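K.L.:
I am attaching a structure below and will ask some questions about it afterwards.
The values are calculated or read from the model by the stated rules, or taken from the named source; none is laboratory data. The model shown is predicted, which means the values in this text are computed figures rather than measured ones. Cβ: placed from backbone, ideal geometry, glycine included. Neighbour counts: every protein chain shown.
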Amino acid sequence: MAIRIFITGGTFDKEYNELNGQLYFKDTHLSDLLEMGRNKIPVEIRTLMMVDSLEMTEEDRELIVHQCNNCDESQIIITHGTDTMAETAKIIAQKMINKTIILTGAMIPIKFGSSDGLFNLGSALAFAQSLPAGVYVAMNGRFFNWNNVRKNKQTGVFEEIK
């Protein structure tokens, strides 16, 4: 069976407006990334929303949970903004059935060329196939259980809660 990928936005899919210097959403870059990474795993992609995770609402998170619970696939990747990724992971874990859910994102937009997004997506694909049912965050080659992770805003790295 394919891996389901839900797109929610975040830095992963942001683009840079050269006129005003702001980041914005246009289209997802996921298909390009999968092609660039020479992915051979069957995937089913669905865009749920294109929002910055700081602007994600309770209703947005409920939609993510609903889609995870109601899709046929048992292995799911969610591209998500890094600022509230752990919060969404917690909500999914509290309402999730027996599936493997991996949330991943990027600290630097894909369009910048030096993004960590391609590596994080590849890691998420590998973790989705190898981890048991549960909810995880995958960043920088590591995975974290949903209840033991935070984004360190001083270092820009995800880490275990001590």
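K.L.:
Exactly one of these conditions fails for T28: (1) buried (at least 17 other Cβ atoms within 10 Å of the Cβ); (2) modelled with pLDDT of 90 or more; (3) more than 25 Å from K153 (Cβ to Cβ). Give me its number.
P.N.:
Unmet for T28, out of (1) buried (at least 17 other Cβ atoms within 10 Å of the Cβ); (2) modelled with pLDDT of 90 or more; (3) more than 25 Å from K153 (Cβ to Cβ): (2).
K.L.:
Please work out if I91 is within 29 Å of D27 (Cβ to Cβ) and surrounded by 21 or more Cβ atoms within 10 Å (Cβ to Cβ).
P.N.:
Against the criterion (within 29 Å of D27 (Cβ to Cβ) and surrounded by 21 or more Cβ atoms within 10 Å (Cβ to Cβ)), I91 does not qualify.
K.L.:
Then there is this: Of all residues in the range 116-162, how many are part of a loop (DSSP other than H, G, I, E, B) and surrounded by fewer than 20 Cβ atoms within 10 Å (Cβ to Cβ)?
P.N.:
Matching residues across the range 116-162 total 14.
K.L.:
Between E62, E55, E73, which is more than 12 Å from the chain's Cα centre (by Cα), at pLDDT below 95 and acidic (D, E)?
P.N.:
From the options E62, E55, E73, the qualifying one is E55.
K.L.:
Would you pick out the residues in the range 118-157 that are modelled with pLDDT under 90, of a type in the set (A, V, I, L, M, F, W, C) and farther than 14 Å from N39 by Cβ?
P.N.:
V157 - this is the single residue of the range 118-157 that is modelled with pLDDT under 90, of a type in the set (A, V, I, L, M, F, W, C) and farther than 14 Å from N39 by Cβ.
K.L.:
Related question: What tally of residues in the range 121-162 results from selecting those that are in contact (Cβ under 8 Å) with a residue 24 or more places away in the chain and small (G, A, S)?
P.N.:
Step one: filter the range 121-162 for residues in contact (Cβ under 8 Å) with a residue 24 or more places away in the chain, giving 121-122, 124-125, 127-129, 131-140, 143, 146-147, 149-151, 156, 158.
Remaining after also requiring small (G, A, S): 122, 124, 128, 133-134, 138, 156.
Looking only at that region, the number is 7.
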